[in-house]
Structure formats: structure tokens, C-alpha cells
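Take a look at the structure below.
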């Protein structure tokens, strides 16, 4: 292989490696933050209508399932507690950012209105199930045989925890 070909090939491989590293580095902050930014391009509307269009952007959450809290063995029961464990899922509420022109309704100093609702943390637990068998644990007083009891079932309620916030404002500028 000629030295010129080798140099061209090395430059091409270096450029491709740099591009892949840049794409990978750009994807890491979005995944680390738990949300993916989604810009809404309205430049075409602004140019075609000849007027200022709203600026709009959103954030979509990435849901991450956690490890379920496994069944717990309780002394005196045949079946474990939480036969169907609850699955924790964490993520976020979608975020929204909007800035729109306002035709001086509130005075000369207020020509834009903005809404900012950042993505908020969200923690959930799926419903679970706890079941008790119609037989008790082996009883030494009854020659090691289990006794009878009424079967029971309980549903573990789902849990949703979050704090949502937002900001509405009006002011000058773009």
C-alpha cells in the first residue's frame, strides 16, 4: 500500500472515530439525566408566514425498571408473603418549554409569554399480590399434619410519587 493511501485511510478512520465519539458523548448526558430533549422545529412556519412563531421544546422521560422486592418467607405460613412482588419503576414526568409572542396586550414591556414546566422525578410501584394457603404450617401437636384455615388473598396497592412544578411568565425580548 502506498504511503499516500495509508495516510488517507488513517485520516478517514480517525475522522470516523471522532464522529462516533462525539455522538456517544452527546448521548450520555441525556441518558444520565433520565430525559431526552425533543425540540419542535417551527422555523419553516416562521419563514413561510413572515411572522414570529412560538419556540417549543419538550423533554420525554426514560423509564427504568428496578429490582423487585422478592417474596418474604414468614414463619408459620406455607406460602411466602408477597407471592407476586411489586416492581419499582422510576422515570420522570414529561417537561415542556414554550415561549410565544404576545401582541402587547399587557403593555409595551410585555411582548412575550413563556411557560416552563421542567421534567419531574416519578417513582412508582406496580401492584403486588399476597396469598395465604388454605392449610397451616405443619403442627407438631397434630402429628405433624397441617390444619385447615380459610384461604386469604391481598392486593398490594400501587404507589405513585412525584412533585410537579412549572413557571408562567411574561416579559420583553425574544
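Quick one: work out Rg over Rh on the C-alpha atoms of region 37-171, Rh as Kirkwood radius. Walk me through the intermediate numbers first.
On the way: Rg = 27.8 Å, Rh = 20.0 Å.
Computed over Cα atoms, the ratio is 1.39.
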Where labels lie 7 Å past Cα in the beta-carbon direction, separation of residue 63 and residue 48 in nm: 3.5
Calculated FRET value between residue 145 and residue 72, using beta carbons and R₀ = 30 Å, to 0.05: 0.75
Label-point separation in nm, residue 167 to residue 153, each point 7 Å along Cα→Cβ: 5.0
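Each reported figure results from applying straightforward, stated rules to the coordinates on display, with no laboratory input. As the structure is a prediction and not an experimental result, all values here were calculated from the model. Every residue, glycine as well, gets a Cβ built from its backbone with ideal geometry; the counts of neighbours run over all protein chains shown.
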